Amino acid sequence: MTRKITISQIKDTVQKAYEQVKSNTDGKNADYIPYLANVDKNLFGITVCLLDGQIIEVGDTAFRFGIESVSKVHTAILAMRQYGADKVLDMIGADATGLPFNSIVAILLEADHPSTPLVNAGAISACSMVKPLGDSVGKWKAIVDNVTDLCGGAPELLEELYKSESDTNYNNRSIAWLLKNYNRIYDDPDISLDLYTRQCSLGITATQLAVAAGTIANGGVNPVTKKQVFEAELSPKITSMISTVGFYEHTGDWLYSSGIPAKTGVGGGVMGVLPGQFGISAFAPPLDGSGNSVKAQLAIKYIMNELSLNIFSGENIVISE
Ligand code: GLU
């Protein structure tokens with residue numbers, strides 16, 4: 001059976017989610033990266049990108065915040081574009097670690113690969129794979145061009161965040177060199193780490209993230225620019241990765257309660273993909289104990305539950321005027 005959801009229903013629900021969650025004061029900004037500790041904790045925005053390119057948004061959706069770990073999705077797509085989905089599985093993997101995002105132990109436990117491009121180890125490994133190998137300028141251009149294609153607009157490097165993160169990323173430095181020890185990094189470890197740090201420091205808006213999610217939901221075609229950014233067959237691959245590890249060790253709880261695969265970042269952004277329906281993002285800096293935005297989680301859950309949407313429902317949903 002087909003169920004119809006109207007665009008005005010979605011607009012109303014997004015607005016209600018915003019009102020409902022806006023005054024929540026739980027959580028606190030990430031403080032292990034000094035820049036993030038000082039971002040205004042009251043910022044909050046939600047954007048939905050429908051597959052016909054319509055944008056539904058409320059709140060601070062034009063504020064540029066640190067994309068942080070959401071960028072792992074973008075660069076995983078780039079690695080798949082350059083090498084194909086099978087090679088990414090082979091060289092990095094697609095397994096959840098069940099451990100925190102920056103786990104060193106996970107590298108030691110996974111005997112054969114860094115596990116998934118969506119945790120720090122696999123993301124640094126994905127940066128190492130980006131072509132042209134050995135050319136940090138060319139690699140950076142490929143990463144930024146890919147983010148621009150996915151988001152339908154250019155990101156902006158937040159220099160202050162980049163500096164803040166580079167000065168304090170000792171754990172990630174250990175990860176890069178440990179990967180080298182196990183032959184799981186495919187270019188110079190320092191170049192790969194620097195690219196990872198820089199991509200995390202890209203300033204992005206909630207709307208840009210929703211468009212990137214919409215591109216994934218839309219079989220690789222950017223709903224706004226209409227550009228085919230990646231091959232349609234890669235969409236389910238990347239969505240499966242987001243489903244299994246998007247919230248790190250709490251991914252199961254998230255998927256169970258929200259019904260939407262989503263990826264978080266310690267900058268406060270969350271990007272959700274509902275295949276064939278829409279991309280959604282929410283942004284608010286205060287995080288829970290696992291590094292996931294409190295308000296973004298509440299807002300997206302509210303919208304999914306209010307509209308009775310769930311990736312596993314098997315329902316045929318048609319979104320129209
Ligand atoms: N740049 C952050 C780090 O590597 C990203 C963490 C995250 O957003 O989960 O520590």
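Residue check: residue 140 meets all listed conditions (1) part of a helix (DSSP H, G or I); (2) surrounded by 20 or more Cβ atoms within 10 Å (Cβ to Cβ); (3) among the aromatic types (Phe, Trp, Tyr) but one, namely (2). A Cβ distance below 8 Å, combined with a sequence gap of six or more or placement on separate chains, defines the contacts here; from the stretch 249-276, residues that are farther than 16 Å from residue 207 by Cβ reach residues that are among the basic types (Lys, Arg) and surrounded by fewer than 24 Cβ atoms within 10 Å (Cβ to Cβ) in the pairs 257/301; 258/301. Do we have residue 262 as modelled with pLDDT of 95 or more, within 16 Å of the ligand (Cβ to nearest atom), within 26 Å of residue 34 (Cβ to Cβ) and crowded, with 24+ Cβ neighbours inside 10 Å here? Against the criterion (modelled with pLDDT of 95 or more, within 16 Å of the ligand (Cβ to nearest atom), within 26 Å of residue 34 (Cβ to Cβ) and crowded, with 24+ Cβ neighbours inside 10 Å), residue 262 does not qualify. Within the stretch 29-41, restricting attention to residues that are surrounded by fewer than 14 Cβ atoms within 10 Å (Cβ to Cβ) and more than 22 Å from residue 210 (Cβ to Cβ), the residue that is farthest from the ligand (Cβ to nearest atom) is 38.
Is it the case that the stretch 30-52 has a residue that's at positive phi and modelled with pLDDT of 95 or more? No: zero hits.
Determine if the stretch 271-282 includes at least one residue that is modelled with pLDDT of 95 or more, within 11 Å of the ligand (Cβ to nearest atom) and either of a type in the set (Gly, Ala, Ser) or within 26 Å of residue 51 (Cα to Cα) (or both). If you could, list the steps in order and put the result at the bottom.
Of the stretch 271-282, the ones modelled with pLDDT of 95 or more are 271-282.
Okay, now just the ones that are also within 11 Å of the ligand (Cβ to nearest atom), so none.
No: zero hits.
Scan the stretch 252-299 for residues that are in a strand (DSSP E or B), under 22 Å from residue 234 (Cβ atoms) and hydrophobic (A, V, I, L, M, F, W, C) and the total you get is 7.
Taken over the stretch 72-127, the criterion of being within 16 Å of the ligand (Cβ to nearest atom) and at positive phi is satisfied by 98, 115.
Quick check, is residue 215 modelled with pLDDT of 95 or more and touching a Ser or Thr at 6+ places or on another chain (Cβ under 6 Å)? So residue 215 does not fit the description; no. Just to be sure, is residue 25 away from the ligand (no atom under 16 Å from the Cβ) and either farther than 27 Å from residue 152 by Cα or modelled with pLDDT of 95 or more (or both)? Yes; evaluated as a whole, the condition is true for this residue.
Does residue 1 fit the bill of being under 26 Å from residue 234 (Cβ atoms) and more than 17 Å from the chain's Cα centre (by Cα)? Considered against the rule, which asks whether it is under 26 Å from residue 234 (Cβ atoms) and more than 17 Å from the chain's Cα centre (by Cα), residue 1 comes out as no. Of the residues making up the stretch 58-70, at least one is without any contact (Cβ under 8 Å) to a residue 60 or more places away in the chain, on the phi < 0 side of the Ramachandran plot and not basic (Lys, Arg).
The rows are residues; the columns are (1) surrounded by fewer than 22 Cβ atoms within 10 Å (Cβ to Cβ); (2) under 18 Å from the mean Cα position of the chain (by Cα).
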residue	(1), (2)
16	yes, no
22	yes, no
27	yes, no
43	yes, no
49	no, yes
55	yes, no
59	no, no
68	no, yes
80	no, yes
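Residue 242 falls short on exactly one of the conditions (1) within 16 Å of the ligand (Cβ to nearest atom); (2) at pLDDT 95 or above; (3) surrounded by fewer than 24 Cβ atoms within 10 Å (Cβ to Cβ), and that condition is (3).
Restricting to the stretch 221-234, name every residue that is farther than 20 Å from residue 47 by Cβ and either outside any loop (DSSP other than H, G, I, E, B) or not charged (D, E, K, R) (or both). Walk me through it before giving the result.
Taking the stretch 221-234 and keeping what is farther than 20 Å from residue 47 by Cβ, we get 228, 230-234.
Of everything in the stretch 221-234, those that are farther than 20 Å from residue 47 by Cβ and either outside any loop (DSSP other than H, G, I, E, B) or not charged (D, E, K, R) (or both) turn out to be 228, 230, 232, 234.
Please find, within the stretch 162-209, the residue that is nearest to the ligand (Cβ to nearest atom) out of those that are outside any helix (DSSP H, G or I) and of a type in the set (Val, Ile, Thr). Steps first, please.
First, the residues of the stretch 162-209 that are outside any helix (DSSP H, G or I): 169, 182-188, 201-205.
Checking the rest, the ones that are also of a type in the set (Val, Ile, Thr) come to 185, 204-205.
On the way: 185: 15, 204: 12, 205: 17 Å.
For the stretch 162-209, the residue satisfying everything is 204.
Inspection of the stretch 190-207 identifies no residue that is within 23 Å of residue 46 (Cβ to Cβ), free of Cβ contacts under 8 Å to residues at least 24 places away in the same chain and hydrophobic (A, V, I, L, M, F, W, C).
The values are calculated or read from the model by the stated rules, or taken from the named source; none is laboratory data. This is a predicted model, so every value here is computed, not measured. Every residue, glycine as well, gets a Cβ built from its backbone with ideal geometry; the counts of neighbours run over all protein chains shown.
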